[in-house]
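Below is one structure, written out as structure tokens; the observations come after it.
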Amino acid sequence: MKKLSVKLGILFFFIIFGLVTFMFFFLHNGITQSRVEEELTSLQSRGNSHRDILEKHFDQDTIAHVVLMESEAETDVVITNQDGQILNSSAPAEAFVKYLKGPLPSIPSEGRVIEGHWEDEPYISTVSPVEKDGQLVGLVYMFQDTASIHSMMKRLNEHFAISGWISVIFTIVIIIFLSKGITKPLLKMKAATREISKGNYSVSLPDTYDDEMGELAESIETLARDLQYLTKQRNEFLASISHELRTPLTYIKGYADILRKQDLPKEETEKYLTIIVDEANRLTQLVKELFELAKLDQNQFAIVKEKVDLHPFFEKIKQRLLPIFQESKIEFTVSCPPNLYVMADPLRLEQILFNLLDNAKKYSPNNGAVVLKALKHKNEVHIVVQDHGKGIPEKDLPLIFNRFYRVDKARTRSLGGSGLGLAIVKELVHAHGADITVSSTENAGTCFEIIFKGEVR
Ligand SMILES: Nc1ncnc2c1ncn2[C@@H]1O[C@H](COP(=O)(O)OP(=O)(O)OP(=O)(O)O)[C@@H](O)[C@H]1O
Ligand SMILES: [Mg+2]
């Protein structure tokens with residue numbers, strides 16, 4: 001596997017190297033060209049100034065004077081007549097002969113470059129015409145040895161090579177730091193995810209980045225926390241399930257053993273058998289509820305909503321539950337204004353209310369009272385289940401919707417509760433897009449309120 005930092009580094013290097021090479025090439029060309037042009041211009045203006053003198057006096061003496069001046073300088077001059085015959089020159093003329101173009105009628109008065117190829121030729125050269133009364137009388141050829149330009153270019157190339165190497169080294173160093181800087185947090189995150197997959201959820205990543213890297217680090221930490229929470233939940237849940245299953249099974253096994261070993265009177269046999277059946281029923285109920293919760297967790301629960309008219313709906317519930325409440329001598333009242341609707345799955349809504357009413361009945365003393373009512377509040381429909389039972393201590397209130405949570409484990413067990421009822425209620429209410437709240441005062445009563453948002457007409 002190639003490391004990301006290496007890949008990034010190579011990519012950066014080639015991009016920057018290409019860019020810098022192109023810029024160097026461009027700069028080098030520009031400098032060379034302008035330097036040569038400068039040389040040619042100064043050569044030409046030097047020729048022009050000789051020409052100006054010669055235009056005033058085009059005679060042997062002046063020509064000799066001009067030639068003398070040039071023989072002292074780095075440049076050379078060759079003066080010809082209008083037909084190209086050499087009149088005088090500052091150095092032996094053989095080297096210059098091939099550049100002399102003979103009669104050149106088209107030369108402009110400010111002169112012209114006749115050789116600019118400094119790379120291949122030994123000289124660069126210009127020519128200036130000498131005119132008298134509008135007639136061409138002679139030509140001033142100026143020459144400059146290209147050796148000086150070559151040595152200047154060599155120096156320039158050396159400078160370019162040095163700065164080129166310096167930039168390459170700098171680029172490499174910067175790229176190494178940069179790519180390491182970019183990949184370092186990624187490597188840390190990789191290590192963190194490895195730890196998470198091993199089950200070590202307490203990873204912490206430094207939050208020094210306020211960019212996408214920082215967001216990614218934060219997401220990983222959140223993921224770790226969520227996973228930790230879920231794992232803890234799952235373990236607790238499994239522990240509770242096995243505990244809940246073990247208790248009735250112990251009863252069943254214990255009483256079955258007694259029945260098998262001893263010759264018991266009929267009533268006692270009856271009693272033990274009833275206990276066995278009750279515990280078996282409790283197990284069946286528990287498994288059913290667990291299965292229901294599992295389906296809710298996986299969103300396999302189809303909620304088929306329809307418009308439910310609460311008044312007749314409540315009446316039906318009352319008819320079904322009234323005998324059970326009467327048996328416990330608890331007053332059960334139902335109240336609902338006519339034409340109040342909610343969008344709900346009637347079967348599930350019934351399940352929710354049965355669960356809440358079952359609790360209300362279970363945790364109310366004899367001669368208590370339980371109320372089921374519905375009311376409209378602003379744009380919401382509230383369904384309230386209220387009892388005047390023993391209530392729930394304040395510290396337990398936030399926990400009662402948790403799976404297997406019971407306030408008083410010993411006592412509620414005798415009432416047959418497993419602590420799953422409210423967990424199912426909460427899931428079902430949320431599956432409807434509704435909310436559930438609870439308020440309670442110890443020894444005064446409890447009030448559950450389901451809130452359906454949005455009015456249905
Ligand atoms: N109306 C109420 N009055 C007093 N305590 C209540 C009331 N409703 C619920 N509780 C408390 O909340 C706990 C959780 O209720 P939940 O309905 O989830 O479980 P359960 O009734 O014990 O068992 P299940 O409903 O699964 O048979 C109960 O054990 C009880 O302690
Ligand atoms: Mg219950």
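The values are calculated or read from the model by the stated rules, or taken from the named source; none is laboratory data. No experiment lies behind these values; they were computed from the predicted model shown. Here the Cβ is made from the backbone with ideal geometry for all residues, glycine too, and neighbour counts use every protein chain on show.
Observations, loosely collected:
- Hey, GLN44 in contact with a strand residue (DSSP E or B) (Cβ under 8 Å, 6 or more places away or on another chain) and assigned to a helix (DSSP H, G or I) or not: yes
- Every condition in (1) more than 16 Å from ligand 2 (Cβ to nearest atom); (2) under 45 Å from the mean Cα position of the chain (by Cα); (3) of a type outside the set (Phe, Trp, Tyr) holds for VAL334 except the one numbered (2).
- Applying the set (1) in contact with a Leu (Cβ under 9 Å, 6 or more places away or on another chain); (2) at pLDDT 90 or above; (3) surrounded by 15 or more Cβ atoms within 10 Å (Cβ to Cβ); (4) not charged (D, E, K, R) to PRO185 leaves exactly one unmet item: (2).
- Selection status of LEU353, under 22 Å from SER418 (Cβ atoms) and in contact with a helix residue (DSSP H, G or I) (Cβ under 9 Å, 6 or more places away or on another chain): yes
- The residue that is modelled with the highest pLDDT, among those in the stretch 408-426 that are more than 11 Å from ligand 2 (Cβ to nearest atom) and over 39 Å from the mean Cα position of the chain (by Cα), is ASP408.
So that you can scan it fast, the table gives a plain yes or no per residue for (1) part of a strand (DSSP E or B); (2) in contact (Cβ under 8 Å) with a residue 40 or more places away in the chain:
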site	(1), (2)
SER109	no, no
ILE114	yes, no
VAL130	yes, yes
ILE172	no, yes
ILE176	no, yes
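- Among (1) crowded, with 19+ Cβ neighbours inside 10 Å; (2) closer than 22 Å to PHE452 by Cα; (3) within 9 Å of ligand 1 (Cβ to nearest atom); (4) touching a residue at least 60 places away in the same chain (Cβ under 8 Å) - the single one LEU420 does not satisfy: (2)
- Taking the criterion of being at pLDDT 90 or above, touching a helix residue (DSSP H, G or I) at 6+ places or on another chain (Cβ under 6 Å) and within 26 Å of ALA294 (Cβ to Cβ), the residues of the stretch 206-259 that qualify are ALA224, ILE252.
- Test for LEU349: is it closer than 27 Å to LYS329 by Cα and within 11 Å of ligand 1 (Cβ to nearest atom): no
- Residues that are farther than 18 Å from ASN355 by Cβ and either among the hydroxyl-bearing types (Ser, Thr, Tyr) or in a helix (DSSP H, G or I) (or both), drawn from the stretch 417-457: THR441
- Filter result for ASN339 (away from ligand 1 (no atom under 16 Å from the Cβ) and in contact (Cβ under 8 Å) with a residue 24 or more places away in the chain): yes
- Where THR80 falls short, out of the listed (1) modelled with pLDDT of 90 or more; (2) part of a helix (DSSP H, G or I): (2)
- The one condition from (1) under 17 Å from SER125 (Cβ atoms); (2) crowded, with 17+ Cβ neighbours inside 10 Å that ALA95 does not meet is (2).
- Pairing each residue of the stretch 59-76 that is on the phi < 0 side of the Ramachandran plot with any residue that is of a type in the set (S, T, N, Q) and surrounded by 13 or more Cβ atoms within 10 Å (Cβ to Cβ), provided the two are 6+ apart or on different chains, yields C-beta distances under 6 Å for ILE63/ASN88; VAL67/ASN88; VAL67/SER90; GLU70/SER90; SER71/SER90; THR75/GLN144; ASP76/SER90.
- Residues in the stretch 359-398 that are within 14 Å of ligand 2 (Cβ to nearest atom) and part of a strand (DSSP E or B) were compared, and the one that is surrounded by the fewest Cβ atoms within 10 Å (Cβ to Cβ) is VAL385.
- Odd one out for GLY199, checked against (1) touching a Ser or Thr at 6+ places or on another chain (Cβ under 9 Å); (2) surrounded by 11 or more Cβ atoms within 10 Å (Cβ to Cβ): (2)
- Any hit, the stretch 154-162, residues being at positive phi and over 28 Å from the mean Cα position of the chain (by Cα): no
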